Structure formats: C-alpha cells, structure tokens
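The values are calculated or read from the model by the stated rules, or taken from the named source; none is laboratory data. Since this is a predicted model, take the numbers as computed values, not measurements. Using ideal geometry, Cβ is built from the backbone for each residue, glycine included, and neighbour counts are taken over all protein chains shown. Heads up: the accessible areas ignore ligands, DNA and RNA and are worked out on the full protein's heavy atoms, side chains in. Shrake-Rupley method; radii C 1.70, N 1.55, O 1.52, S 1.80 Å.
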Amino acid sequence: MKKKIAIIGSTGSIGKTTVEIIKKDKKSFDVILLTANNNFREINKQINYLKPKNLVINNKKIYLELKKKYKKINIFNNFDSFFKKFKKKIDYTISAISGLSGLQPTLDIIKHTKNIAIANKESIICAWNLIQKELKKNKTKFIPVDSEHFSIWYLLKNKKIQTVEEIVITASGGPFLNWKINNIKKATPKFAIKHPNWSMGKKISVDSATMMNKVFELIEAQRIFNLDRSKFKILIHPQSLVHAIIKFDNGLTKLLIHDTNMKIPIFNSIYDNSLKKIASKKIGTKELNNLIFKKIDLNKFPATNILKYLPRNISLFETVIVSCNDELVDLFLKKKITFWSINVILKKILNLKEFSKYKQITPNNIRQIYKLSEYVRLKTKTLSIRSAT
Ligand code: NDP
Ligand code: MG
C-alpha cells in the first residue's frame, strides 16, 4: 500500500530535499499535502511531479493564482481551513516551515499523522511540552531530523537514557570559523549565508555563522532526550562528518558519521528499518584521517554565552530568545544592522528585567507563545533601530 505523506514547508531547503527523496520512489507514496508561502515556481514544479491531493499556500496572491490554475487539487489559503476539511490519517509528515510560523501547523497535524519528523527547531525549543502532549494524546511517533538530533536518536535506539554519561553535539563552526574577529564583526549577509559544508535556508545559515544554531540545538536536545544540560558538550568539528558522540556508562562510546547532506537523516526518518537504499559519499581513509575536534572560541562566537542565561526547565524565556534572534537575523539580512549587532542586541534584550520573569513561566498554550513572540520582535526592532541611529 502507498504511504500517505505530507510535507509542510515543501519549498524550503528541508522540504525540497524531502521532495527529491520521494520523487525517486513516486510509486510508493500518495502525497496528501504540500505547503508553501512565496515560492510560486517551486510549488508549481512540485505539483507537476508529485500530484498532491491538497495544498496550503499562505501567500494570498499565489494561492489565488494556483487556485485558478489547478482545479482538481484542494487548495487552501491557511491551515485552519485545511484542518476544518481534513479528517484522514497520514502515515508520515515532515514539519519544515521555518520559524515559529511552523508551530501551529505542527501541533495541528500531529492529530492527523502516525509519524512526524520535525525539522522546525523553533517549535521544539519553544513548545516541547505542548508538542509532547499532542504526541501522547494521538499516539504519534516522533523522529527528530536536525542532523545532530537524528544521530543522537539513532544511537540511543535500544538503549536506556540513564546509561548516557555524555553527549557531544558537533558544530561545523560556520563560514567564519577561520576569520579574524575584526572581519567577522563587519561580515555581510553574502558571506554569512555561505556555509562551508551544508546547504540550508538563509535564516539557519546566519544562525550557523553566529553559532546561535548550536545554542538552539542544545536546548532542542535537552528537551527531546530529557537530559540535564550538564550531560551535553559542544565541539567544533569543521568536517561535519561526525554528528553526535555518546559515551555510555558501560565504557562504550558510539558516534555517528554520515556525509554532510540532510538527505541522510530525512531518508532514514522516512524509510526506517526498510530495505531501501540511498546513494551517499564513501567516507574513506582520507576523510577519517582528517577528523578534527576543538573547543568553541567564545570571543569570536559570543552568542554561545547565551547558554548561561537559560533556565533548565521548559519556559517562555526560550520564546524570548528565539523571537529576538529571529528579528535580528531578519534585520541583518535586510542590511539594517551589522553582523556583530546580532550578538550585542541579543544580549541587551535577554538582560532586560521585563523578560526575566518568563524563566519561571511554563508555556500553557500557543497563543501565549505567539503573543510574547510578537512583543519581543517589536521590542527588538525598536531597540535595533535606536542603536543604529
Ligand atoms: P527555508 O527558509 O529554506 O524554508 C522555509 C519553508 O517554510 C519554505 O517552504 C517557506 O515557503 C515556508 N514558510 C516560511 N514562512 C512561512 C509562513 N509564514 N507560512 C507558511 N510557510 C512558510 O528553511 P529551511 O528548510 O532551511 O529550514 C526549515 C526548518 O528546519 C527551520 O526551522 C530550520 O531551523 C530547520 N532545520 C533546517 C536545516 C537545514 O539544513 N536547512 C537543518 C536542521 C533544521 P516559501 O519558500 O514558499 O516562501
Ligand atoms: Mg543541525
């Protein structure tokens, strides 16, 4: 029987990689849902190859154009109207919208899917308790697809979490690893989004350049695996071949290597335990003889100091961090602030008294998260514009 699949954020970097995988095995899939925002060209291509049953298109103009063009597909302008009509069960969903816009659809689709692979890290960081509640209620199986988390998840199969002594999350170091600090300070978006190893969306590429991405990944890992922060270590590993290392209390250490391509975790999240094969680069002696691991230079990457501000429990403060950083990255990509200002303003906002109370508040519902996020973004924007003038 065909596997019913949904790709939320199909026109993004993770979405397109997922489409590439299922395109090679079209006869095994029934594409129930694709979603997009602005990318008209890409969604058109995907409609032609994959013949999806439903589309959710956020951008009104594109939604109207597609509605005129494709009469046989159910096309919706927002997730609410889709979920009002949709009552079926999907076998596998990948959640790959960027930012907090991905949270509501992720929570909603959990009710309709047997398995959910979540790439959208903002949802996990800001609302893991809400996601977990839905997963339990609907008996939906969760698979992390951020490469480090996929590796940890894979290495922990058939292992008890109490046997873990330490988990190393690796970081490529991003495009500025070998740059002098004075040049990093003046770096332009063009260089910040040019990742040496990974091909990713712009937002996450900038997070990789500031190393905020690792701060987010550490919170993500803490939540998913329910382990204390003291169990985790971040190491720079410029080759991005080893994605996670776990030391167990029986003296054994396991690590997971795969070539630097998100298609590997995504493929395995779709075809876990099946006989399907994927072409991948051979990792030979040349690569293995060049594996380097080192500590983060905190002067060059001060964003990683943010780990100190973090509460150990799940709280609304994570929404403050994610939203402030999101706004700053947006402003940087629009050339309204410098690369270095991301670090400086982030620290300023996180030190504001009005936000510290959120460290003690557990998110109760999604409205609370969205409302706070909007406020933090506004505050960040105002403060950034004031600092720039
Ligand atoms: P991209 O920016 O490449 O893609 C984002 C996707 O979300 C696109 O399909 C975009 O539509 C859609 N989208 C954006 N805003 C909205 C909105 N308001 N409503 C509906 N759809 C929207 O991001 P990535 O693929 O790089 O990342 C996706 C998520 O996965 C992020 O949370 C990221 O942190 C995480 N992740 C990404 C990795 C990577 O390698 N790229 C690795 C690990 C995690 P459109 O293009 O049509 O405008
Ligand atoms: Mg990652």
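The alpha carbon convex hull volume per residue for the stretch 28-158 rounds to 127 Å³.
Considering all C-alpha pairs of the stretch 162-299, those separated by over 17 Å amount to 66%. Peptide packing: for 259-268, 375-384, the average count of neighbouring Cβ atoms within 10 Å per residue gives the ranking 259-268, 375-384, highest mean first. Diagonalising the gyration tensor over the Cα atoms of the stretch 200-246 and scaling each eigenvalue by 5 before taking the square root yields semi-axes of 20, 14, 9 Å, largest first. The modelled label-to-label distance between residue 142 and residue 336, using points 7 Å beyond Cα along the C-beta direction, is 3.3 nm.
Here the relative contact order of the chain, from alpha carbon pairs under 8 Å that lie six or more residues apart, stands at 15 percent. Within the accessible area of the stretch 8-148, the carbon and sulfur atoms contribute 52%, probe 1.4 Å, all protein chains present. Once the Cβ-Cβ distance of residue 185 and residue 352 is raised to the sixth power relative to R0 = 25 Å, the FRET efficiency obtained is 0.60. Residue-normalised convex hull volume from the C-alpha trace of the chain: 150 Å³ per residue.
Based on protein heavy atoms only, the stretch 1-59 ends up with 44 Å² per residue of surface accessible to a 1.4 Å probe. Counting only residues at least eight positions apart within a chain, or on another chain, the lysines with an alpha carbon under 17 Å from that of residue 203 are 16, 121, 190, 194, 214, 334, 335, 336, 381. Average accessible surface for the stretch 154-203: 57 Å² per residue, computed with a 1.4 Å probe over protein heavy atoms with every protein chain in place.
The spacing between the stretch 90-123 and the stretch 326-347, judged by their C-alpha centroids, is 27 Å. Within the accessible surface of the stretch 205-275, defined with a 1.4 Å probe on protein heavy atoms only, the carbon and sulfur portion equals 50 percent.
Modelled label positions at residue 27 and residue 308, each set 7 Å beyond Cα in the direction of Cβ, lie 6.0 nm from each other. What is the distance in Å between the Cα centroid of the stretch 68-89 and that of the stretch 266-291? Using only Cα atoms, the two centres lie 36 Å from each other. Put a dot 7 Å past the Cα of residue 273, heading toward its Cβ, do the same for residue 299, and the two dots end up 5.2 nm apart. Normalised by the number of residues in the stretch 53-204, the mean separation of alpha-carbon contacts (under 8 Å, six or more apart) gives a relative contact order of 14 percent. For the stretch 306-389, the relative contact order comes to 45 percent (Cα pairs under 8 Å, sequence separation of at least 6). Checked against a 25 Å cut-off, the cross-linked pairs 26/89; 61/85; 85/114; 3/276; 136/276; 139/359 give Cα-Cα distances beyond that limit for 136/276; 139/359. Diffusion coefficient of the stretch 211-292 by Stokes-Einstein, Kirkwood radius over Cα pairs, 20 °C, 1.002 mPa s: 143 µm²/s. The mean of 1/r over all pairs of different alpha-carbon atoms in the stretch 234-353, once inverted, gives a Kirkwood hydrodynamic radius of 18.2 Å.
GNM on the chain, alpha-carbon springs under 10 angstrom: the most fluctuating residue among 133, 24, 89 is 24.
Rolling a 1.4 Å probe across the protein heavy atoms gives the stretch 283-346 an accessible surface of 47 Å² per residue. Looking at the square roots a ≥ b ≥ c of the eigenvalues of the Cα gyration tensor of the stretch 286-340, which shape do they give, rounded for a/c under 1.5, prolate if a/b is larger than b/c, or oblate? It comes out oblate by the Cα gyration axes.
Taking 0.36 nm per residue of separation and subtracting the current Cα-Cα distance, fully stretching the chain between residue 365 and residue 285 would add 23.7 nm.
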